[in-house]
Amino acid sequence: MTDTHCPAPIAFADVVDYWAGELTRAEEDRIEEHVFSCADCARDFAAAEALARGITAVAREGRLHSVVSDAILNRLAADGVRIRMYTLEGAGIIPCAVWADDDLVVSRIRADFAEVDSVTIVTRQASGEEISRVSDIAVRPGQREILNAFSAAHLRKLPSTRVQVTVTAPIGSGERTIAEYTLEHAGAFDRLTGRR
Ligand SMILES: [Zn+2]
């Protein structure tokens, strides 16, 4: 959004929220009115929306490791992205797997996020190798869950392995663990013939 003469350009985050349907009617109206009357922002908005829509392609190509919202998942599902969801809550081992026709696998991570402003989520194989790391995720007051999305194409490359998901929050100069979950990843399956 550089090289613009607009005194109040629309933030990219607002465009993503607009695309995902997360804004109120009034906020949508404000953005639409602005875009209709501002050539600079109309150009930026078109580019940013194309980028937001690109999330669908990115999810399918195996490059998405990110925190998403229910609104974004709903929008992706409406666009035909096939989403598999696992809920991580409490103790106990959660069985999981990825199937041939999955596009996106989402960990719905439920924890007590009270008294933390941000968290880091690290997902590791039993070997210790990281599957993904998402750092400095902002947590809103009262937030009860974080949705961590993975490209199924990436997970299909994993062996069957125990998977550890660790949620940490900054304390002083270090990090403290606020939640930990264990999944037993059975591997990649084909819908018709079973285990590959
Ligand atoms: Zn503008």
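Which residue pairs have Cβ atoms closer than 7 Å, lie 6 or more positions apart in sequence or on different chains, and pair a first residue in the range 19-41 that is outside any helix (DSSP H, G or I) with a second residue that is surrounded by 12 or more Cβ atoms within 10 Å (Cβ to Cβ)?
G21/A71; G21/R75; E22/S69; E22/A71; L23/D17; C38/C6
Taking the options V122, V81, V116, name whichever one is of a type in the set (V, I, T), open to solvent by less than 30 Å² (accessible area, probe 1.4 Å) and over 17 Å from the mean Cα position of the chain (by Cα).
The match here is V116.
Kindly establish whether Q164 is in a loop (DSSP other than H, G, I, E, B) and free of Cβ contacts under 8 Å to residues at least 60 places away in the same chain.
no
Quick one: how many residues across the range 136-159 are part of a strand (DSSP E or B), surrounded by fewer than 12 Cβ atoms within 10 Å (Cβ to Cβ) and small (G, A, S)?
1
Do you know which residues across the range 27-41 are more than 8 Å from the ligand (Cβ to nearest atom) and either among the acidic types (D, E) or open to solvent by less than 70 Å² (accessible area, probe 1.4 Å) (or both)?
Within the range 27-41, E27, E28, D29, I31, E32, E33 meet the criteria.
Out of I94, I109, which single residue is modelled with pLDDT of 90 or more, open to solvent by less than 50 Å² (accessible area, probe 1.4 Å) and more than 15 Å from the chain's Cα centre (by Cα)?
I94
The values are calculated or read from the model by the stated rules, or taken from the named source; none is laboratory data. For clarity, every value in this text was computed on a predicted model and none was experimentally measured. FYI the Cβ positions are ideal-geometry reconstructions off the backbone, even for glycines, and counts take in every protein chain you see. Side chains are part of the model used for accessible areas, which takes the heavy atoms of the whole protein and leaves out ligands, DNA and RNA. Shrake-Rupley method; radii C 1.70, N 1.55, O 1.52, S 1.80 Å.
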